[in-house]
1. Angle, helix 49-60 long axis vs. longest principal axis of the chain, Cα atoms, 0 to 90°, nearest 10?
2. Please compute the length gained on full extension between Ala237 and Ser225, using 0.36 nm multiplied by the number of residues separating them and subtracting their Cα-Cα distance.
3. Counting alpha carbon pairs within less than 8 Å and at least 6 residues apart, what relative contact order, in whole percent, applies to region 3-239?
4. Using every Cα-Cα pair within region 3-239, state what percent have a distance larger than 26 Å.
5. Over the chain, with a Gaussian network built from C-alpha contacts below 10 Å, which listed residue (Arg39, Arg110, Arg182) shows the highest mean-square fluctuation?
6. Suppose the chain between Ala56 and Thr100 were pulled fully straight at 0.36 nm per residue; how much longer would it get relative to their current alpha carbon spacing?
7. Determine the calculated [θ] at 222 nm for the chain from helices alone, applying -39500 (n - 2.57) to every DSSP H run no shorter than 4 residues and normalising by the residue count; nearest 500 deg cm²/dmol.
8. For Thr238, which sequence-distant residues (separation of 5 or more, or a different chain) have an amide H within less than 5 Å of its own amide H, given hydrogens modelled in the peptide plane?
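What follows is calculated from the coordinates using simple rules that are stated; it is not laboratory data. Treat the numbers as computed from the prediction; the structure is a model and nothing was measured. So basically every Cβ, Gly included, is an ideal-geometry build from the backbone, and we count neighbours across all protein chains shown.
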Amino acid sequence: MSVHLVGGGTDATQASDVYGRFLAEATQRGTIVGRSAPRVAVLAVGAPDAADTLVALLGEAGGGDLLPDVVAAGATFDTRVLNDVDGLVIAGGRTPDYVTATVPLVDQIRLLVADSLPYLGYSAGAMIAADRALVGGFRVGGVDVSPEWTSEGLDEVTLQEGLGLVDLAIDVHAAQAGTLSRLVAAAEAGVVAGGVAIDEDTVLIVGEGALEVRGSGSVWRVIASEDGEGDQFVSVATIGA
């Protein structure tokens with residue numbers, strides 16, 4: 001089973017490509033306990049339409065028994081939302097609120113994913129999948145590095161403890177919101193060692209084999225390194241679909 005990181009987007013024509021493998025993995029897990037349709041928890045923070053968006057996109061991709069659960073900003077999820085599910089989806093919204101909301105679930109999510117529960121993070125849900133989650137900000141060292149409206153209300157680029165499912169920083173809405181430059185600047189400054197920035201309607205699938213990209217956009221890999229003289233530089237390349 002895999003970790004599926006979606007950069008956002010609402011293009012229903014891409015739904016099968018972006019969400020199909022996740023649903024296939026959830027279906028496979030559900031079959032083991034005799035279910036014909038997978039039970040998938042869809043967790044969202046804030047406005048109910050965050051969950052509605054994912055329910056609609058997953059429905060376009062084949063659906064299942066989709067179980068939305070929405071909490072207000074500042075609240076936390078009850079651990080019972082993870083009972084007897086074949087897949088977990090965490091939706092999008094304000095990323096710091098998702099970090100707060102999932103605190104009671106972190107250990108259980110790690111155990112379930114280690115036990116082959118497929119995970120899909122959409123936008124904020126993708127960002128918090130990291131060991132150290134990039135949760136917002138638009139400046140590094142007081143210098144603007146991305147549009148202010150992408151900041152999540154934070155000034156300096158900020159990291160918080162994430163779910164610990166992947167060991168690299170994740171940014172989203174890369175081409176559409178100009179957040180690739182935020183990840184590049186954070187890597188150049190040593191805030192992160194590197195990471196990936198994912199376009200909308202695009203998924204990066206992290207499993208046991210090679211990384212896989214599906215959807216209509218790109219996944220940008222950012223790696224910070226030093227040259228022979230100790231100077232820092234950043235390399236950027238796309239991960240091929």
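1. Once rounded, one gets 70 degrees.
2. Numbers: separation 12, 0.36 × 12 = 4.32 nm, distance 1.39 nm.
Fully extending the segment from Ala237 to Ser225 adds 2.9 nm.
3. 20 percent
4. Details: 9316 of 27966 pairs.
For region 3-239, the fraction of Cα-Cα distances above 26 Å is 33 percent.
5. Result: Arg110 has the largest fluctuation of those listed.
6. Value of the extension gain: 13.3 nm.
7. That calculation yields -7500 deg cm²/dmol at 222 nm.
8. Arg221
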